[in-house]
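Shown next, in structure tokens, is the structure this report addresses.
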């Protein structure tokens with residue numbers, strides 16, 4: 001560990017993005033990390049968060065902790081999604097200000113943009129129209145996180161930054177049958193269908209909705225890239241009240257195309273049926289990532305390569321949890 005490594009708190013280090021951030025930081029030799037599991041530090045508890053920051057005094061903070069889920073979870077638990085995320089963000093960002101954190105990076109989501117935003121969605125599209133109803137509470141919380149960072153920057157001169165990733169996937173994902181996002185959900189379903197020799201897999205929606213997907217380790221590298229920018233360089237590429245930066249792959253696919261790619265990776269050869277009575281969500285969500293590309297970052301992992309790595313991670317975790325006979 002270098003004496004120059006800032007003491008870094010990765011909030012949500014066991015999640016998809018947080019675990020990738022830890023891998024990326026350690027790959028660069030930074031072991032000066034502060035990590036806490038939820039059972040050790042409840043980020044919705046304001047006093048616990050303030051006490052933690054007072055004791056640990058981190059210099060850098062990556063705010064990757066969040067309550068996340070797919071369409072089903074967002075529809076079923078809207079109160080939990082808005083409350084938990086608002087509390088975590090408010091507590092961590094305020095504590096970072098009070099205890100003199102040098103630099104903080106807040107991770108949002110592409111769902112902050114209006115349902116019918118012009119494609120690809122540029123940062124300027126924020127707050128220009130109604131949100132997608134199925135995940136509006138989560139999106140409102142993420143918008144509040146951006147505005148918290150901007151407000152502390154404007155009033156107190158803090159250096160709090162925000163990045164808005166597109167749909168992420170990869171090692172460390174959540175494969176819960178009800179609360180997962182589309183890539184891990186489809187990996188789990190196609191794997192089960194293959195092992196059970198199922199003739200058909202039925203997927204929600206028409207299959208025509210388009211989505212952009214970014215491998216999570218590429219996202220982690222983007223986060224480190226943005227955090228490494230000088231404050232003046234970051235501010236030169238953003239605006240005080242529009243300071244967030246999109247991070248996307250640069251192209252999208254239909255859900256049907258995604259499903260067929262995952263079926264191929266998993267080895268499922270049965271029929272794929274789409275249930276058009278179920279919601280599609282937003283018709284398209286492609287980010288304009290020209291701002292971060294102008295800063296020198298590019299994704300490195302293709303969708304096919306990333307899906308293969310994601311399935312390998314799923315298979316390894318499945319084997320690790322099988323009981324001994």
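The values are calculated or read from the model by the stated rules, or taken from the named source; none is laboratory data. Since we're looking at a predicted model, the values are computed, not measured. Methodologically, a virtual Cβ is constructed for each residue, glycine included, from the backbone with ideal geometry; neighbour enumeration extends over all protein chains shown.
The figures follow:
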| read-out | value |
| --- | --- |
| Matching strands (runs of 3 or more DSSP E) fully within the range 203-303 where at least 3 residues are touching a helix residue (DSSP H, G or I) at 6+ places or on another chain (Cβ under 7 Å) and crowded, with 18+ Cβ neighbours inside 10 Å | 210-215, 244-247 |
| Among the candidates 104, 43, residue that is buried (at least 22 other Cβ atoms within 10 Å of the Cβ), part of a loop (DSSP other than H, G, I, E, B) and at pLDDT 95 or above | 43 |
| Answer from 48, 37 - the residue that is surrounded by fewer than 21 Cβ atoms within 10 Å (Cβ to Cβ) and in a loop (DSSP other than H, G, I, E, B) | 37 |
| Some residue of the range 179-195 being surrounded by fewer than 16 Cβ atoms within 10 Å (Cβ to Cβ) and in contact (Cβ under 8 Å) with a residue 24 or more places away in the chain | no |
| Residue in the range 135-148 that is part of a strand (DSSP E or B) and either crowded, with 19+ Cβ neighbours inside 10 Å or at pLDDT 95 or above (or both) present | no |
| Residue in the range 38-53 that is within 23 Å of the chain's Cα centre (by Cα) and under 19 Å from residue 222 (Cα atoms) present | no |
| Residues satisfying the stated conditions in the range 304-325, i.e. loosely packed, with under 13 Cβ neighbours inside 10 Å and at pLDDT below 95 | 316, 319, 320, 321, 322, 323, 324, 325 |
| Identity of the residue in the range 117-134, without any contact (Cβ under 8 Å) to a residue 60 or more places away in the chain and part of a helix (DSSP H, G or I), that ends up surrounded by the most Cβ atoms within 10 Å (Cβ to Cβ) | 125 |
